[in-house]
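The structure under discussion appears below in the form of structure tokens.
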Amino acid sequence: SAAQPHEYSIAGFDAVDEVRLEHGHRLLMLQLQLSAPKGLTVVCISSLRDLADAIAANPELVVEKVRTVAIMGGLERVGAGEGEGGGAGDGGGGAAAGGGAKGGGGWKG
């Protein structure tokens, strides 16, 4: 079957040879080895698996080479309809992480 276009339609993406791409854990380990002490900022925008694997494989190297870890996260509203209780940031006046003001609602991180 013919290859499907990439969902993000980034110019040049279709020319990437996926066979030659490094796995995330291997690429992170290589960058750790090549970097100066405290020379890396790790930005996690998806799964934390590659960073966790690097820490498990060589925690001393990670501590030596990483200055900062930034993790993109968010909150997802669960269990309450609009107008019921709420959490911080939604105008509902509820707790930041926990139930809403009228029970049944809350935040999941």
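We did not get these values from a lab; they are worked out from the coordinates using the rules stated. Just so it is clear, the model here is predicted, and its values are computed rather than measured. Cβ: placed from backbone, ideal geometry, glycine included. Neighbour counts: every protein chain shown.
Data table
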| quantity | calculated |
| --- | --- |
| Summed side-chain charge close to Pro59 - residues other than Pro59 whose Cβ falls under 13 Å, Lys, Arg +1, Asp, Glu -1 | -2 |
| Under-5 Å amide H pairs with Gly39, H placed in peptide plane, nonlocal only | Arg67 |
| For Gly39, net neighbour charge (Lys/Arg +1, Asp/Glu -1) across residues whose Cβ lies under 10 Å away | +2 |
| Local electrostatic count at Val69 - Lys and Arg +1, Asp and Glu -1, tallied over other residues with Cβ under 15 Å | +1 |
